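Input: a single structure, listed below in structure tokens.
The values are calculated or read from the model by the stated rules, or taken from the named source; none is laboratory data. None of these values were measured; they are calculated from a predicted model. Cβ coordinates were reconstructed from backbone atoms using ideal geometry, including for glycine residues, and neighbour counts include every protein chain displayed.
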Amino acid sequence: MTILFLPAGVGIMERWNAISANIVPIILIIMGALVLNIVVIAVVVVFIKKHFEGDYEEVNRG
């Protein structure tokens with residue numbers, strides 16, 4: 001699994017000068033994307049629960 005992080009780590013080390021000069025915008029974009037994802041997932045879950053809950057047949061197992 002760690003082999004998957006190696007190219008990303010090398011890329012960060014190679015471009016550190018460009019990244020460090022823009023660290024605040026990068027962090028703000030990451031945090032904004034995180035909040036946007038959480039909000040979208042919450043809206044989708046509420047929509048699905050509101051429109052589809054109870055629309056299935058319950059199977060009595062007993």
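Below, the figures for the structure above:
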quantity	calculated
Filter result for residue 10 (out of contact with any strand residue (DSSP E or B) (no Cβ under 7 Å at 6 or more places or on another chain) and modelled with pLDDT of 90 or more)	yes
Check on residue 32, at pLDDT 95 or above, out of contact with any strand residue (DSSP E or B) (no Cβ under 9 Å at 6 or more places or on another chain) and not aliphatic (A, V, I, L, M)	yes
Qualifying residue in the stretch 3-13 (condition: assigned to a helix (DSSP H, G or I), surrounded by fewer than 10 Cβ atoms within 10 Å (Cβ to Cβ) and within 20 Å of the chain's Cα centre (by Cα))	yes
